[in-house]
Structures are given as C-alpha cells and as structure tokens.
Amino acid sequence: MDGGSAANAGRNLRPRVRRVAFTLALCAALDLTVGAAQSSDDANARSYRVECAAPDEPCRADLATYIGWRVFQAQCATCHAADVRGSTFAPDLMLRMSGMSQRDFFGALDRGYFGSASAMPPRGRDPNVAPYYDELWSFLRARITGDLPAGPVTQLAE
Ligand code: HEC
C-alpha cells in the first residue's frame, strides 16, 4: 500500500470500505438472531468505521475508535508497541486477541495479567483506562481485522 498514486489509493479504498460495510451488516444480522442476549454496549463495541483514503494520509475512524487509538497510545503502547505488535516483554495483541471475546478482554484489563516472566497491572480502577474499555475494544478490533493499518488515526467527520 505504498504506491502513492491517486489511482492506487482509489483501488485500495474500495475493498476496505466494502469489508467494513459487510462487517456492519453481519453485526446487524447477529443482533437479530441473538436478540435480547446482546447488551447495547456489545453492539456498540463491535462496530467501527474506518476510512483509509491514501497510503500517505492517516486513516480516519469513528469517534470511539479514534479515542481508543489515543488511549492505547497513552496507556498501552509503552509495552504493547504503538502498532499493537508487541515488544520483548509484552505480547503482540493482534495474535493474542485474535480469538478473544470482549468479555475476556475486559476481564484481562480488570484483573491484569501476571505471567511467570512478565506482568500487566490491573486497570479496572485506573481513571485513564477504565472509562475507555469499549473504545479500546473498537480500536483493537479494527487493528486485528486489518481494516485499520498501523499508524496515526484521525477522526472521521460525523
Ligand atoms: C507494563 C506493561 C503493560 C502495559 C502498560 C499494558 N500491558 Fe497488556 N500485557 C502486558 C504483559 C506483560 C502481558 C502478558 C504477558 C504474558 O503472556 O505473560 C499483557 C497481556 C495483555 C493481554 C492478554 C491478556 C490475556 O488474558 O491473554 C491483553 C488483552 C492486553 N495485555 C491488553 C492491554 C491493553 C489494552 C493495555 C492498555 C490499557 C495494556 N495491555 C497495557 C504488559 C502490559
């Protein structure tokens, strides 16, 4: 994705927009079938909107995903890296979270993680993290699905 020409940008944009639209349609379908079992928080957290127009411009994301990116940079990137791919002492979250449910993700943040070699402090009472679990989830889902490449994010005009 580093061709740079306008023609390339146009070609690259289309599949990604279609994929997000499909994801949203799928979420809507799941809500219908799962019905009352889904809280509105779940539905909200699953959907994100990302638009990447040109390779040399930041991608734009809905407000929640954008906030998630900012919180991640401030609170998580020192260990898990700005691009989410991990460091020598913290795991690559694109791999580690690929099959993780939202419930398990929130639980990991609440409890922290104490491995034999490394640890993550609990965040359930951290005012810089606890209010933003949904936003972090939106951002990380967008990264893990590949809809949002590594790099800076700006907010979509809504
Ligand atoms: C002090 C460094 C540090 C910070 C800051 C940090 N983490 Fe972690 N994180 C870790 C380590 C270390 C592990 C587990 C390593 C292992 O497997 O032993 C981990 C594990 C995880 C896991 C996997 C938990 C599981 O149950 O498998 C998730 C998800 C996660 N971190 C998300 C985050 C998010 C989101 C933030 C920001 C709010 C964050 N981390 C901040 C170090 C950190």
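Points worth noting:
- Taken over the stretch 87-111, the criterion of being within 9 Å of the ligand (Cβ to nearest atom) and either part of a helix (DSSP H, G or I) or surrounded by 14 or more Cβ atoms within 10 Å (Cβ to Cβ) (or both) is satisfied by Ala90, Pro91, Leu93, Arg96, Met97, Met100, Asp104, Phe105, Gly107, Ala108, Leu109, Arg111.
- Across the stretch 71-86, the qualifying residues are those that are touching a residue at least 60 places away in the same chain (Cβ under 8 Å) and crowded, with 18+ Cβ neighbours inside 10 Å, and the one among them that is farthest from the ligand (Cβ to nearest atom) is Val84.
Quick grid of which residues meet (1) near the ligand (Cβ under 8 Å from one of its atoms); (2) out of contact with any helix residue (DSSP H, G or I) (no Cβ under 7 Å at 6 or more places or on another chain):
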site: Arg125; (1), (2): no, yes
site: Ala130; (1), (2): no, yes
site: Glu135; (1), (2): no, no
site: Leu140; (1), (2): yes, no
site: Asp147; (1), (2): no, no
site: Ala150; (1), (2): no, yes
site: Glu158; (1), (2): no, no
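- Check on Gly68, near the ligand (Cβ under 10 Å from one of its atoms), farther than 17 Å from Met120 by Cα and either of a type outside the set (A, V, I, L, M) or touching a residue at least 24 places away in the same chain (Cβ under 8 Å) (or both): yes
- In the stretch 123-156, the residues that are of a type in the set (A, V, I, L, M) and closer than 14 Å to Tyr48 by Cα: Leu136, Leu140, Ala142, Ile144, Leu148, Val153, Leu156
- In this structure, Asp126 qualifies as assigned to a loop (DSSP other than H, G, I, E, B), of a type in the set (D, E, K, R) and surrounded by 13 or more Cβ atoms within 10 Å (Cβ to Cβ).
Every read-out reported here was derived from the displayed coordinates using simple, explicitly stated rules and does not represent laboratory data. Because the structure is predicted, anything quoted here is derived from the model rather than measured. Note that each Cβ is placed from the backbone with ideal geometry, even for glycine, and that neighbours are counted across all protein chains shown.
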